[in-house]
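The structure under discussion appears below in the form of structure tokens.
The values are calculated or read from the model by the stated rules, or taken from the named source; none is laboratory data. Everything quoted here is computed from the prediction, not taken from an experiment. What goes into the accessible areas is simple: the full protein's heavy atoms, side chains included, and nothing from ligands, DNA or RNA. Shrake-Rupley method; radii C 1.70, N 1.55, O 1.52, S 1.80 Å.
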Amino acid sequence: MTNTWLLIANGSEARLFDTELHPETLTVLQEFKHPESREKTSELISDKMGRYQGDAGTGYGSYNEPTDPQEHEMERFAAELAHTLEEGRTSNSFKHLIIASSPRFHGLLNGKLNGHLSKMVTKHINKDLTSFNNRELLERLGG
């Protein structure tokens, strides 16, 4: 096994490719969509703020979301992608991994990769390449 997997991603979509180290073509293994990452915050949260019992039963207060709902959805998507990559690693489906993703999402995704998987990443590209077709990707990546 000398193949390389290539993950092209942003916060709401991704494509996973299987390729040899010097490819002429890219083979799509899987496509991912996570439209929740693009929804408006108002569509991701309930209409009313949560309520909780105040200190010592003296009253009620409001509960504010601790994180941005869109950020939370992007983290969920990053975890889903990391899980898929980990399954590939444990089944010895690839030897090397290249990750190209938008800068904001790249940090979230890297935070979800375990140590074994991180060591397999041979190249990080902090750029959103999801809009490119396979031929354009090969040109961009020097294939």
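Kindly write out, for segment 106-116 in residue order, the coupling ³J(HN,Hα) from the Karplus curve 6.51 cos²θ - 1.76 cosθ + 1.60 (θ = phi - 60°), rounded to whole Hz, with x marking Gly and Pro.
4, x, 5, 5, 4, x, 9, 7, 7, x, 4
Per residue, how many Å² of accessible area does segment 61-143 show with a 1.4 Å probe?
Details: 4590 Å² over 83 residues.
Ligands and nucleic acids excluded, the figure is 55 Å² per residue.
Would you kindly derive the ³J(HN,Hα) couplings of segment 124-133 from the backbone phi angles with the Karplus curve 6.51 cos²θ - 1.76 cosθ + 1.60 (θ = phi - 60°), listing them in order in whole Hz, with x for Gly and Pro?
Once rounded to whole Hz, the list reads 10, 10, 8, 8, 7, 10, 5, 7, 8, 7.
Please list the non-local residues whose amide H lies under 5 Å from the amide H of Thr27, H modeled 1.01 Å from N, same-chain partners needing a gap of 5 or more.
Result for Thr27 returns Asp18.
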